[in-house]
Amino acid sequence: MKKDTLLTNVNINENNVFPWGTNRRYNAFVDYAKQIFGSRIQKVIVDAGFTCPNRDGSKGYGGCIYCNNESFKPRYSDPEKNIINQVETGINFLSKRYKVDKFIVYFQPYSNTYAPLEHLKFLYEQALSHPQVIGISIGTRPDCVDEEKIEYLEQLARDYYVTIEYGLESPHDKTLKWINRQHDFNKWVDAVNMTAGKGIHICSHIILGFPTESKTEMLETAYILSQYPIDYLKIHHLHIVENTILEKKYRDKPFYLFTYKEYLQLVIDFLQHLKPEIKIQTTISQRNLDL
Ligand code: SF4
């Protein structure tokens, strides 16, 4: 990547405003969303009852070693209720709490494209039928999409805001193996290339702090991702959730975990190595226990 594409080399104007139109020192999705939607938007998480090929045996059993979907799901998203019901409950709750009136429905737990296309259409279109919903965001694995599904999302993206979030966690195959992802980096590259240029926003997730990687390799991740046409990035810190394989691994043989201060410095360094056009959705994992 050329040096002038790095965040460290972007210019600010005389009012300390960066090219993305704010004086925040990195390109944050929250600012971008306000610019394109005219006001703050809020995501409503729904649980559409999906599973994952890394859990049902088609790719593997047991899942990625850090995975526990129950650890981040808000109480209002309940797979026993249909999508319309979950969206209404979520919007009632969030509109009072955050005083917002526009929402993106976030299909978050498990792999939300892991079903036949007709079923996906049924679920996504239920979500989009709510008058306050302006779009959908779909979390999935890169091995759970195909040309047909992407073509359908391309059509939806002509009328709605559509984001697909491909979990990656690391571009280093040795780490993907260690976390039992059951796909390699090339699978992510294929999915991103299949999706790009079709009006669908592309987000990806990574985790910083794996004991399989040096700090240099973690910063290299920023360079690598900068080569691909992704719009957004979620950066999470490695943390150990109870009742995961990672918890057992850690208890059996503890490894180094960053302190909060060390992690903040790492994220700053990481952002300085990332293409500034990539908008940042998250810099640290957090859970609001009130939700
Ligand atoms: S792909 Fe996602 S849902 Fe499936 S096991 Fe890994 S983290 Fe969990």
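Only residues that are surrounded by 14 or more Cβ atoms within 10 Å (Cβ to Cβ) and either closer than 22 Å to LEU128 by Cβ or at pLDDT 95 or above (or both) were counted in segment 29-50, giving 15.
Take the conditions (1) under 18 Å from the mean Cα position of the chain (by Cα); (2) within 16 Å of GLU169 (Cα to Cα); LEU246 misses just one of them, which is (1).
Take the conditions within 16 Å of the ligand (Cβ to nearest atom), more than 17 Å from the chain's Cα centre (by Cα) and modelled with pLDDT under 95 and apply them to GLY60. Does it pass? Taking the combined requirement at face value, the residue satisfies it. Taking the residues in segment 101-131 that are assigned to a loop (DSSP other than H, G, I, E, B) and surrounded by fewer than 16 Cβ atoms within 10 Å (Cβ to Cβ) as candidates, determine which candidate is nearest to the ligand (Cβ to nearest atom). The extreme case among them is PRO116.
Residues in segment 158-199 that are away from the ligand (no atom under 16 Å from the Cβ) and of a type in the set (Phe, Trp, Tyr) were compared, and the one that is nearest to PHE270 (Cα to Cα) is TYR161. Can you say whether LEU208 is in contact with a Cys (Cβ under 8 Å, 6 or more places away or on another chain), within 30 Å of ILE41 (Cβ to Cβ) and in contact (Cβ under 8 Å) with a residue 12 or more places away in the chain, as far as the supplied structure shows? In short, no. A count restricted to segment 66-100 and to residues that are near the ligand (Cβ under 9 Å from one of its atoms) and either surrounded by fewer than 19 Cβ atoms within 10 Å (Cβ to Cβ) or without any contact (Cβ under 8 Å) to a residue 60 or more places away in the chain (or both) stands at 2. Whenever a residue of segment 3-22 is farther than 22 Å from LYS34 by Cα, its partners that are modelled with pLDDT of 80 or more and assigned to a loop (DSSP other than H, G, I, E, B), lying with C-beta atoms within less than 6 angstrom and at least six residues away or across chains, give the pairs THR5/LYS275.
Report whether or not ILE45 is away from the ligand (no atom under 11 Å from the Cβ) and within 30 Å of GLN272 (Cβ to Cβ). So ILE45 does not fit the description; no. For segment 232-260, a tally of residues being surrounded by fewer than 16 Cβ atoms within 10 Å (Cβ to Cβ) and polar (S, T, N, Q) returns 2. Among the numbered conditions (1) more than 16 Å from the ligand (Cβ to nearest atom); (2) free of Cβ contacts under 8 Å to residues at least 60 places away in the same chain, the only one that ILE134 does not meet is (2). Going by what's in this entry, would GLU213 be described as out of contact with any Phe, Trp or Tyr (no Cβ under 9 Å at 6 or more places or on another chain), more than 26 Å from GLU147 (Cβ to Cβ) and buried (at least 19 other Cβ atoms within 10 Å of the Cβ)? Yes.
The values are calculated or read from the model by the stated rules, or taken from the named source; none is laboratory data. All of these numbers come straight from a predicted model, not from anything done at the bench. A quick note on method: Cβ atoms are made from the backbone with ideal geometry, for glycine too, and the neighbour counts reach across all protein chains shown.
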